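Every number here is computed from the coordinates shown, using simple stated rules; none is lab data. Since we're looking at a predicted model, the values are computed, not measured. All Cβ positions, glycine included, derive from the backbone under ideal geometry; neighbour counts span all protein chains shown.
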Amino acid sequence: MSCIVNIAGGSVFDPQAPTAEMIDPRGLLHHLAMLSRWGGNVQYPYSVLQHSLLVAANLDEPGDKIYGLLHDLPEALLGSDIVSPTKLLLMRLGADIPAIERQYMLLIYKCLDLPTPSHETSKRVHEADMRARATEVRDVVDNPKGIVCPAPPYTQSIRFMPWDKVLQRGIEALDSYLYFARVA
């Protein structure tokens, strides 16, 4: 059985021997535009890429925005936005999902010639991610019973956006945010 992951756009990724040269950011954005948040527990199609665009848009520092956009890109290589309860179960069974995600993230940074984000940037991205999560619980999640969000939601509402528009905005954001990250 082959362990090669085919990426939209034509590239391939070998999770057993990954390299930065196997990373196609635009192809991975396509995957994120197709991956549902919340394991599909949503009122309408809402993708990981739309979530990432929300996170990036709410970061004040221009140089942080690229990290907000990219923060979930490893999920495209994993093939899933693994919901937290499942991720915890897999970790109890010995799978170190966070280590795999970190490894993939480092390859993405290398591919894009980006430095690893500073502790301060990572903290701001995490805070924006948690606020986006709270906003999703309010606006997108179909059954929010038992979901706890200590961060406050954003004031803006999340609206349905067709996947092709999400992908187009994602690619435009990638180009724009990379520029700002490099001149920051």
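The table that follows gives values for the structure above.
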read-out	value
Gln103 versus Met91: modelled label distance in nm, points set 7 Å from Cα along the beta carbon direction	1.7 nm
Helix-only CD estimate at 222 nm, as mean residue ellipticity for the chain, using -39500 (n - 2.57) per DSSP H run (n ≥ 4)	-16500 deg cm²/dmol
Relative contact order, percent, the chain [alpha-carbon distance under 8 Å, six or more residues apart]	27 percent
Relative exposure of Lys123, Lys145, Lys87, judged by other C-beta atoms within 10 Å (fewest first)	Lys145, Lys123, Lys87
Order of Arg26, Arg182 under a 10 Å beta carbon neighbour criterion, fewest first	Arg182, Arg26
Shape category assigned to the chain from the gyration tensor of Cα positions, a/c cut at 1.5	rounded
Residues with amide H under 5 Å from that of Val42, placed H, sequence gap 5 or more	Asp142
